[in-house]
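Student: One structure follows; several queries about it will come next.
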Amino acid sequence: MNYKEKIIKIANDILENKIGIIEGARELNHFQFGYNLENNKSLLFFVGVASETDHLPVDVVREKWNKDALLIKDKEIKEVEDYYKNAVTKACRELIEFLTNQL
């Protein structure tokens, strides 16, 4: 799978709620440099989301957190993901369309 297919898969996984917005943003953040996408607005949006939420525990790092602290952070995660939901949906669709046209 090439990098375009990987990005499309991640964006689709976000749209299908297979992964959370924050987790998906962090995965997409890895494609910021070296793929000729440095100026892609949709990808840069996810870079921003990843940066603004880097204090929130998602994925495997959750195993290292205290359960009581996770309850508090889970509320914040939900609020953040609810806040970004519409913009993320739009950015995912734009990214998929942009990369699909390049395949």
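Student: Within the set of pairs 6+ apart or on separate chains, which have a first residue in the stretch 1-12 that is open to solvent by 70 Å² or more (accessible area, probe 1.4 Å), a second that is of a type in the set (Phe, Trp, Tyr), and C-beta atoms under 9 Å apart?
Tutor: Matching pairs, first to second residue: LYS6/PHE31.
Student: For the stretch 32-63, how many residues meet the condition of being of a type in the set (Phe, Trp, Tyr) and under 19 Å from VAL80 (Cα atoms)? So that I can check it myself, show each step before the final result.
Tutor: Quick first cut of the stretch 32-63, residues of a type in the set (Phe, Trp, Tyr) only: 33, 35, 45-46.
From the residues that got through so far, the ones that are under 19 Å from VAL80 (Cα atoms) too are 45-46.
Here the count works out to 2.
The values are calculated or read from the model by the stated rules, or taken from the named source; none is laboratory data. Keep in mind the model is a prediction, meaning the values are calculated, not measured. All Cβ positions, glycine included, derive from the backbone under ideal geometry; neighbour counts span all protein chains shown. Please note that ligands, DNA and RNA were not included when accessible areas were found on the heavy atoms of the full protein model with its side chains. Shrake-Rupley method; radii C 1.70, N 1.55, O 1.52, S 1.80 Å.
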